[in-house]
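Novice: The structure follows.
The values are calculated or read from the model by the stated rules, or taken from the named source; none is laboratory data. All figures in this text were calculated on a predicted structure; none of them were measured in a lab. In this analysis, Cβ positions are derived from the backbone assuming ideal geometry, glycine residues included, and neighbour counts consider all displayed protein chains. When the accessible area is computed, the model is the full protein with side chains, heavy atoms only, and any ligands, DNA or RNA have been set aside. Shrake-Rupley method; radii C 1.70, N 1.55, O 1.52, S 1.80 Å.
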Amino acid sequence: FQDLKLREFYCEGNPLFLQQPVISTQRENVWSLQEITSRFVMNQLAENNPFLMDGIERYPQVRSMISQGKTCAICGQHFITVWLDCVRFVSPPKDWKISKNLQLVPLRVLICSYKCFTQRDPNLFGIAQVQNR
């Protein structure tokens, strides 16, 4: 959403803007070996580990995989698999042509784990698909 080059934005009636959170409970994460390894390698590369930096040059498949990496908005660590899409509501840019009653717009934020989700600030909401009962 934040990457769109919008000139006008109409969102009246969008349920996301109601900011009505739903309480959910989650279990701790059980990551795949690929996710654990990817996280370790990406975080070591961020610290300029010379051994891994040299080794990664020889494995284009690994380079390709970790190039898909993301950074957690809470802890700053790198990860491949998005644990939870979240939104933070922020004021829209001044140059947007929007309705006067729109005070905030959603900004996409990615979180790496349940642990980080429990440490989020109160203006960060998880996005989940809720089934009607």
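Novice: Output the number of residues of region 77-105 satisfying the condition of being of a type outside the set (Lys, Arg) and assigned to a loop (DSSP other than H, G, I, E, B).
Specialist: Number of matching residues: 16.
Novice: Residue pairs, Cβ under 7 Å, 6 or more apart or interchain, first in region 75-87 and in the same structural domain as PHE117 (by the TED database), second in a loop (DSSP other than H, G, I, E, B) and of a type in the set (Val, Ile, Thr). List them.
Specialist: What qualifies is ASP85/ILE127; CYS86/ILE127; VAL87/ILE127.
Novice: Name the residue, out of SER67, SER113, that is touching a residue at least 12 places away in the same chain (Cβ under 8 Å) and out of contact with any helix residue (DSSP H, G or I) (no Cβ under 9 Å at 6 or more places or on another chain).
Specialist: SER113
Novice: Something else about it: Within region 52-68, can one find any residue that is within 27 Å of LYS5 (Cα to Cα) and under 12 Å from the mean Cα position of the chain (by Cα)?
Specialist: no
Novice: Select from region 44-75 the residues that are under 22 Å from LYS115 (Cβ atoms), open to solvent by less than 90 Å² (accessible area, probe 1.4 Å) and assigned to a loop (DSSP other than H, G, I, E, B) and list them in ascending order.
Specialist: Listed by number, the residues that qualify are GLY69, CYS72, ALA73, ILE74, CYS75.
Novice: In region 76-133, which residues are touching a Leu at 6+ places or on another chain (Cβ under 6 Å) and loosely packed, with under 15 Cβ neighbours inside 10 Å?
Specialist: VAL82, VAL90
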